[in-house]
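Beneath this line is the structure, given in structure tokens, with notes to follow.
The values are calculated or read from the model by the stated rules, or taken from the named source; none is laboratory data. In this text, all values refer to a predicted model and were calculated from it rather than measured experimentally. In this analysis, Cβ positions are derived from the backbone assuming ideal geometry, glycine residues included, and neighbour counts consider all displayed protein chains.
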Amino acid sequence: MKALVLGASGATGKLVMQQLIKKNIQVRIVVRDSAIIPTQVSDNKAIEIIRGNINDFELVKIKELIKDCDTIICCLGHNLSFKGILGPPHKLVFNIVVKIIDTIESQNLNPKFILMSTTAYTNRKLGEINTVGEKIVFSLLKFALPPHKDNMLAADYLVYKIGSQTKIEWVAVRPDSLFDEESKSNYEIYNKKIRSPIFDSGKTSRINVSDFMVELVTNEKLWDEWKHKTPVIYNKFNNEKGSVQ
């Protein structure tokens, strides 16, 4: 089994890569030509490193990137700097999602596709609605922060353009406020948001997000439950066992 991880140098992407390797899954990653790669990554025979700016890859290059992969996990995001937030490319995630899906369709491939999304995304198909306050805040974010709009467009593309009446199997995982935690803990998965991401946000550790995404890769029953959906993941801050709802 082989998985392509996009955004593997990011805070969540690197955890996804590590957990895939622990499951004995071969990993392919894409890094910029100028990126400095840690020795533990470059020397790991389970990791194949492709250099280049994926945003500049033509479809033929995307085809080579994904043709032998069973799963594609996209943890791409914008750098948390002034240039990264306000500078181009403003539609990094959306453009990559479209390129990958177009390539899957045109080449008759069938990898699983997992997108790391956010609870800021409102899935109207599920009947999720925003309060007046949330609508105001999200409108401001959409106008002032290109990365927010980018993430919304990417999820909308999967939900509305691709949908469920297709051979392409995808899941868009929606964590709430992300934080770092050393080890996996109990967490819950919901079909819909159960709290406001603006006024009553929950918390989700990056390692739990990576654990759930890797479980989607390896657990066919779990995949069948959540494919073509936008599951929401929250940490469970008590002693009870995490559940899937």
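Results, tabulated for the structure shown:
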| item | result |
| --- | --- |
| Helices (runs of 4 or more DSSP H) contained in segment 130-245 and holding at least 3 residues at pLDDT 95 or above, touching a Ser or Thr at 6+ places or on another chain (Cβ under 8 Å) and of a type outside the set (S, T, N, Q) | 206-218 |
| Per-region count, segment 29-74, residues in a loop (DSSP other than H, G, I, E, B) and without any contact (Cβ under 8 Å) to a residue 60 or more places away in the chain | 16 |
| E215, sole failed condition from (1) under 17 Å from the mean Cα position of the chain (by Cα); (2) within 19 Å of A155 (Cα to Cα) | (2) |
| Filtered residue count, segment 18-28, keeping only those that are assigned to a loop (DSSP other than H, G, I, E, B) and surrounded by 17 or more Cβ atoms within 10 Å (Cβ to Cβ) | 1 |
| Some residue of segment 9-17 being on the phi < 0 side of the Ramachandran plot, modelled with pLDDT under 95 and exposed (fewer than 12 other Cβ atoms within 10 Å of the Cβ) | no |
